[in-house]
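**Student:** I am attaching a structure below and will ask some questions about it afterwards.
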Amino acid sequence: MQTLAVDIAFTFVDDAAALVNGLGRAVLRLAMTPIDRIANACDIAGVLSERRATFRMWRASRARARYEGRRFSLLGRFSPFRHLAHLT
């Protein structure tokens, strides 16, 4: 029974960390918007757009490799009981 309480606590901590991470990204994006506008206005040679395209291709190939190697469903990832798999 103690394991169940620990798993519930870890789930709560994981969810809290994800919430803080998401809020941090939102605040960072809000703060960086004016800087991105200035950088795009000053980008004459198109270096930033080329760098973004390369990053998108890299991220897509990583996501595709991760999707091909996935053994569990997406629903299992968001399940509140995901940390209890060792009990079965």
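The values are calculated or read from the model by the stated rules, or taken from the named source; none is laboratory data. Note that this is a predicted model, so its numbers are computed, not measured. All Cβ positions, even for glycine, are placed from backbone atoms using ideal geometry, and neighbour counts span all protein chains on display. Note: areas computed on protein heavy atoms with side chains; ligands, DNA, RNA excluded. Shrake-Rupley method; radii C 1.70, N 1.55, O 1.52, S 1.80 Å.
**Student:** Could you please let me know if Ala39 is at pLDDT 85 or above and touching a Leu at 6+ places or on another chain (Cβ under 8 Å)?
**Tutor:** Working: at pLDDT 85 or above: yes; touching a Leu at 6+ places or on another chain (Cβ under 8 Å): yes.
Spelling it out, Ala39 is indeed at pLDDT 85 or above and touching a Leu at 6+ places or on another chain (Cβ under 8 Å).
**Student:** Can you name the condition, by its number, that Leu87 falls short on among (1) modelled with pLDDT under 65; (2) surrounded by 10 or more Cβ atoms within 10 Å (Cβ to Cβ)?
**Tutor:** Result: Leu87 fails condition (2) only.
**Student:** Out of all the residues in the stretch 27-42, which are open to solvent by 80 Å² or more (accessible area, probe 1.4 Å) and more than 22 Å from the chain's Cα centre (by Cα)?
**Tutor:** Ile35, Arg37, Ile38, Ala41, Cys42
**Student:** Another question, if that's okay. Scan Gly46, Gly69, Gly24, Gly76 and give me the residue that is open to solvent by less than 100 Å² (accessible area, probe 1.4 Å) and modelled with pLDDT of 90 or more. Don't jump to the end; show me each part of the working.
**Tutor:** Working: Gly46 fails: modelled with pLDDT of 90 or more; Gly69 fails: modelled with pLDDT of 90 or more; Gly76 fails: modelled with pLDDT of 90 or more.
Of Gly46, Gly69, Gly24, Gly76, the one residue that is open to solvent by less than 100 Å² (accessible area, probe 1.4 Å) and modelled with pLDDT of 90 or more is Gly24.
**Student:** For Phe10, only one of the following conditions fails: (1) exposed (fewer than 10 other Cβ atoms within 10 Å of the Cβ); (2) of a type in the set (Phe, Trp, Tyr); (3) modelled with pLDDT of 85 or more. What is its number?
**Tutor:** Exception for Phe10: condition (1).
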